[in-house]
């Protein structure tokens, strides 16, 4: 009887588990911060509100905004490419199999997680990394990243010189119906990403509050507090 109780207590034990490695956390914050800077500077470029006294030739307000926008775009592009590459190089919960539901067990988790987000289920599906529904939605988010990068490169290439290393990106513009279409898609994609950011923060806080496993804190620390039984099952299924 004592041995059975001991085994049960061991399976219910809460342990600290490293879930997100440094590459995942670094690219996450680089993408998040660059999107913030790109959004602010993008608004200013599209609808200028900053003004300074004196002749325009004595200032470089819009030029500075555009330079900041371009450098933030470089950070965003490199971070996205690094995260995509890491999906195929890394192991554990950063791999592509976490996002594309190729496993039956992952697909079976769609229903319970949808019920949780719709407040029809009191507890989320217990997982170590991303839950299946959230992970699948991130595939669409990365697609939006690619669209944002492609349209941004195309728009930048319009004013780039013949010897510019991004001059080739002009060939992307016909995909989006020339400059006007690329600008419209670029703008709409920005709003979609901002809407996702709001939902992402909300769902992370909701899940972290309900589960009390440091989900929200894990993007800073890389670790969660999870039942040992869940961690062992996760390891056994890989």
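Can we say residue 179 is at negative phi, surrounded by fewer than 18 Cβ atoms within 10 Å (Cβ to Cβ) and in contact (Cβ under 8 Å) with a residue 60 or more places away in the chain? First the steps, then the outcome.
Numbers: at negative phi: yes; surrounded by fewer than 18 Cβ atoms within 10 Å (Cβ to Cβ): yes; in contact (Cβ under 8 Å) with a residue 60 or more places away in the chain: no.
Criteria not met by residue 179.
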* To do: Determine whether residue 231 is part of a loop (DSSP other than H, G, I, E, B), in contact (Cβ under 8 Å) with a residue 24 or more places away in the chain, over 18 Å from the mean Cα position of the chain (by Cα) and closer than 25 Å to residue 23 by Cβ.
  => no
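Return the total of residues in the stretch 159-174 being more than 18 Å from residue 74 (Cβ to Cβ) and outside any loop (DSSP other than H, G, I, E, B). I'd like the intermediate steps shown before the answer.
Keep residues of the stretch 159-174 that are more than 18 Å from residue 74 (Cβ to Cβ), which gives 162-163, 170-171, 173-174.
Filter again for outside any loop (DSSP other than H, G, I, E, B), leaving 170-171, 173-174.
Number of matching residues: 4.
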* Since residue 191 meets every condition but one in (1) surrounded by fewer than 16 Cβ atoms within 10 Å (Cβ to Cβ); (2) within 19 Å of residue 31 (Cβ to Cβ); (3) in contact (Cβ under 8 Å) with a residue 12 or more places away in the chain, which condition does it not meet? -> (3)
* How many residues are within 22 Å of residue 35 (Cβ to Cβ), modelled with pLDDT under 90 and loosely packed, with under 13 Cβ neighbours inside 10 Å when one looks only at the stretch 203-238? -> 1
* **Residues located in the stretch 136-164, provided they are more than 30 Å from residue 94 (Cβ to Cβ) and out of contact with any helix residue (DSSP H, G or I) (no Cβ under 8 Å at 6 or more places or on another chain)** => 159, 162, 163
* With respect to the numbered conditions (1) surrounded by fewer than 18 Cβ atoms within 10 Å (Cβ to Cβ); (2) within 14 Å of the chain's Cα centre (by Cα); (3) closer than 21 Å to residue 39 by Cβ, which one is the sole condition not fulfilled by residue 87? -> (3)
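The values are calculated or read from the model by the stated rules, or taken from the named source; none is laboratory data. All of these numbers come straight from a predicted model, not from anything done at the bench. Quick reminder, even Gly has a Cβ in these numbers, built from the backbone with ideal geometry, and neighbours come from all protein chains shown.
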